[in-house]
Each structure stands twice: as C-alpha cells, then as structure tokens.
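Participant: Before I ask anything, here is the structure I am working with.
The values are calculated or read from the model by the stated rules, or taken from the named source; none is laboratory data. What you see is a predicted model, and the numbers here were worked out from it, not measured in a lab. Neighbour counts run over all protein chains shown; Cβ positions are idealised from the backbone, glycine included. Accessible surface areas use protein heavy atoms only, side chains included; no ligands, DNA or RNA. Shrake-Rupley method; radii C 1.70, N 1.55, O 1.52, S 1.80 Å.
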Amino acid sequence: QVQLVESGGGLVQAGESLRLSCAASGSIDSIYTMGWYRQAPGKQRELVASITRGGTTNYADSVKGRVTISRDNAKNTLYLQMNSLESEDTAVYYCNAQIRTTILRPMNDYWGQGTQVTVSS
C-alpha cells in the first residue's frame, strides 16, 4: 500500500508565499517522476510542475518564475515553493508520483488527497 500525503496549503494574501510538501510512504521500491497538479472550481485538473528522479523540472507557463519544485529522494518527499501568489492560483493542489512498489511490478500512478490553496486579492 502506498500513500501520498500533502501538507502546507492554506489561506494567504496575494503576493505571499506558500510551501507545499508531499510525503510518500508504504511499500515503495522506486519513485520516478513526481508532480504537482491543481484543480480550480469548474476547471480541469492541470499540471503545475513536475520533476524527474534525476532532477529535471518542467513548469506550466502560468507559474514559471514564481514556483520551484524540488524533491528529497532519501525522504521520498516532494516540495512546491510558491511565491508571489495570485488569486488565479487558488485551487486544490494534488501530488502525483509514478511509483514501483517492487522490482517485479511496473510502475503505477499514485495521487494524494489534495490540499487547498486559497489566495485572497
């Protein structure tokens, strides 16, 4: 059983910062690409940023320059540092990870339960 648990969401004012964390636990052999997605009310879930096991990053155009994704492979933890937050960043943020539970199994996608980020203008 694998669990992804996000933390760090909350209510902030425009221009402020937040740091999200996502800890993976359970039966884990390897974690490959990890990412943060978000879903605003009435909108589809979208990719915010992703990072490979080797550290290659990818960002949505809407957050480039304001957001930094990072990971600690030793701790199986993913981070998202968000600066200069805007009201448009208001959404539920979800952690995603491609995880192989044993060497004999292919990797699967796992999702966290989500953490709410609300930015007031």
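Participant: Restricting to segment 27-50, count the residues that are outside any strand (DSSP E or B) and either over 14 Å from Ala91 (Cα atoms) or open to solvent by less than 70 Å² (accessible area, probe 1.4 Å) (or both).
Facilitator: 4
Participant: Going residue by residue through segment 16-24, is there one that turns out to be assigned to a strand (DSSP E or B), farther than 18 Å from Val119 by Cβ and open to solvent by 70 Å² or more (accessible area, probe 1.4 Å)?
Facilitator: Scanning segment 16-24, I find no residue that is assigned to a strand (DSSP E or B), farther than 18 Å from Val119 by Cβ and open to solvent by 70 Å² or more (accessible area, probe 1.4 Å), so the answer is no.
Participant: Hey, another quick one. Does Tyr94 satisfy the criteria of being in contact with a Cys (Cβ under 8 Å, 6 or more places away or on another chain) and under 20 Å from Leu4 (Cα atoms)?
Facilitator: Here the answer is no, as Tyr94 does not meet what is asked.
Participant: Looking at segment 70-90, is at least one residue in a loop (DSSP other than H, G, I, E, B), in contact with a Phe, Trp or Tyr (Cβ under 9 Å, 6 or more places away or on another chain) and surrounded by 13 or more Cβ atoms within 10 Å (Cβ to Cβ)?
Facilitator: Scanning segment 70-90, I find no residue that is in a loop (DSSP other than H, G, I, E, B), in contact with a Phe, Trp or Tyr (Cβ under 9 Å, 6 or more places away or on another chain) and surrounded by 13 or more Cβ atoms within 10 Å (Cβ to Cβ), so the answer is no.
Participant: Would you point out which residue out of Thr118, Thr101, Thr68 is among the hydroxyl-bearing types (Ser, Thr, Tyr), in contact with a strand residue (DSSP E or B) (Cβ under 9 Å, 6 or more places away or on another chain) and modelled with pLDDT under 95?
Facilitator: Just one listed residue meets the conditions, Thr101.
Participant: In segment 104-115, which residue that is of a type outside the set (S, T, N, Q) and modelled with pLDDT of 95 or more is surrounded by the fewest Cβ atoms within 10 Å (Cβ to Cβ)?
Facilitator: Asp109
Participant: Which residues, counting only those in segment 51-65, are outside any strand (DSSP E or B), open to solvent by less than 70 Å² (accessible area, probe 1.4 Å) and over 18 Å from Gln116 (Cα atoms)?
Facilitator: Within segment 51-65, Thr52, Gly55, Ala60, Ser62 meet the criteria.
Participant: Answer yes or no: is there a residue in segment 101-120 that is outside any strand (DSSP E or B), among the aliphatic types (A, V, I, L, M) and closer than 20 Å to Gly10 by Cβ.
Facilitator: No - not one qualifying residue is present in segment 101-120.
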